[in-house]
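Derivation of every value follows stated rules applied to the coordinates shown; laboratory data play no part. Remember, predicted model here, so these are calculated numbers, not experimental data. Reconstructed Cβ throughout: ideal geometry from the backbone, glycine too, with neighbour counts over all protein chains shown.
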């Protein structure tokens with residue numbers, strides 16, 4: 001049967017019109033499930049874009065998009081969403097995380113007020129078992145840290161796919177660590193051993209909502225990676241230089257949604273309490289750029 005369908009009406013105003021000539025006393029009850037992985041397309045293949053479901057676990061309505069299930073359709077009109085950040089091998093207790101979750105920094109009345117807050121989830125032990133679809137459905141941004149070894153090539157490729165399909169990634173390297181991610185995003189060669197001292201560039205990102213921190217000294221911690229300018233993918237934007245002639249921080253990936261640093265220690269060195277030092281303001285200008293790229 002083709003055409004429009006009307007229930008309690010002979011003049012449907014759309015593909016499906018559920019109405020009476022008098023005020024309805026019953027509402028529409030949409031399909032309900034506790035796990036979006038249970039939802040299928042009866043014709044086979046992916047769930048159809050536009051599919052709507054009531055998620056009984058999250059107590060909200062969600063719909064299927066090109067890149068997976070949406071976040072909850074909020075009933076808090078006018079309130080910005082909470083940014084969902086996944087972290088791999090980032091120490092849970094580091095002061096940087098406290099600055100991220102402080103609503104004076106990131107909240108409706110904070111310095112960055114396009115989100116209601118930032119929610120952090122540790123995926124160090126689960127990333128390898130997650131698909132790019134699951135990452136996109138559950139997280140707006142991913143931050144990788146350092147645990148003494150390179151991220152497996154399959155996981156690096158997964159993060160590249162995540163960024164290609166709309167996710168944002170903050171990728172932190174260290175001495176001899178980060179090669180898989182460098183190459184996954186179009187860089188060449190390997191990450192070597194460099195100095196912990198760097199300097200910010202005059203890129204517009206460094207003159208952001210947290211202040212003007214162009215051309216300032218930056219410090220990593222302990223050991224650091226080294227990436228030559230010639231190793232960067234075409235079109236990369238420099239945020240910082242290490243030892244004058246090497247890449248310290250840079251932006252690459254689809255629509256500039258991947259941000260890299262030569263040393264994860266830049267997010268630890270002299271980072272504590274309020275955002276009140278040039279290095280802290282530099283870091284959070286970068287985070288503000290990344291949050292803008294999520295499109296929330």
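Arranged from highest to lowest average of other beta-carbon atoms within 10 Å per residue, in what order do the peptides 99-111, 166-178, 240-252, 120-132 appear? Kindly include the intermediate steps, with their values, before the conclusion.
Details: 99-111: 16.5, 166-178: 23.7, 240-252: 21.0, 120-132: 14.6.
In descending order of packing, they fall as 166-178, 240-252, 99-111, 120-132.
At a threshold of 8 angstrom on Cα-Cα distance, excluding pairs fewer than six apart, so keeping six or more, what relative contact order does the chain reach in percent? Intermediate values should be presented prior to the final figure.
Numbers: 611 pairs, mean separation 40.4, N = 296.
For the chain, the relative contact order is 14 percent.
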* To do: Mind sorting 229, 85 by how few other Cβ atoms lie within 10 Å of their own Cβ, fewest first?
  => 229, 85
* FRET E, pair residue 176, residue 292, Förster distance 30 Å, beta-carbon r, rounded to 0.05 -> 0.40
* **Computed label-point distance, nm, for sites residue 108 and residue 56 using a 7 Å Cα→Cβ extension** => 3.1
* How far is helix 278-294 tilted off the main Cα axis of the chain, in degrees rounded to 10, range 0 to 90? -> 30
* To do: Quick one: order 200, 116 by neighbouring beta-carbon count within 10 Å, fewest to most.
  => 116, 200
* To do: Answer with a single label: of (1) 1.06; (2) 1.18; (3) 0.97, which was calculated as Cα Rg over 2.2 N^0.38 Å from the structure in view?
  => (2)
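Which of the three applies to the stretch 191-296, rounded, prolate or oblate, going by the alpha-carbon gyration tensor with a ≥ b ≥ c and a/c under 1.5 meaning rounded?
Working: a/c = 1.67, a/b = 1.07, b/c = 1.55.
The shape class here is oblate.
Nearest 0.05, what FRET efficiency do residue 37 and residue 128 give at R0 = 25 Å with Cβ-Cβ as r? If you can, show how the numbers build up before the last one.
Numbers: r = 18 Å, r/R0 = 0.71.
Once rounded, the FRET efficiency stands at 0.90.
Given the C-alpha atoms of the stretch 8-69, compute the convex hull and give its volume per residue in Å³.
On the way: hull volume 7.4 nm³, N = 62.
In the stretch 8-69, the Cα hull volume divided by residue count equals 120 Å³.
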* Asked: GNM on the chain, C-alpha springs below 10 Å: top fluctuator among 275, 142, 30?
  -> 30
* Using 15 Å as the cut-off for backbone N distance, which residues of the stretch 238-265 belong to the label zone defined by a point 7 Å from the Cα of residue 197 along Cα→Cβ? -> 241-246
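Can you give the % of DSSP beta bridges in the chain that are antiparallel, to the nearest 5? Could the numbers behind the result be given before it?
On the way: 29 of 53 bridges.
Rounded to the nearest five, the antiparallel share is 55 percent.
Answer rounded, prolate or oblate for the stretch 147-230, using the Cα gyration tensor with square roots of eigenvalues a ≥ b ≥ c: rounded when a/c is under 1.5, else prolate when a/b is larger than b/c, else oblate. Mind dumping the intermediate values first?
Numbers: a/c = 2.14, a/b = 1.29, b/c = 1.66.
In terms of gyration-tensor shape, oblate.
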* Against the longest principal axis of the chain, how steep is helix 153-164, in degrees 0 to 90 to the nearest 10, with axes from Cα atoms? -> 60
* Structure fact -> With the 8 Å Cα cutoff and a minimum separation of six or more residues, the stretch 181-250 has a relative contact order in percent of 38
* Asked: Fully extended, how many nm does the chain gain between residue 48 and residue 119 (0.36 nm per residue separation, minus their Cα-Cα distance)?
  -> 22.7 nm
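Per DSSP helix of 4 or more residues, -39500 (n - 2.57); summed, then divided by the residues of the chain. What does that give at 222 nm, rounded to the nearest 500? Don't skip to the end; give the middle numbers.
Working: 5 runs with 49 residues, N = 296.
Calculated from helices alone, the mean residue ellipticity at 222 nm is -5000 deg cm²/dmol.
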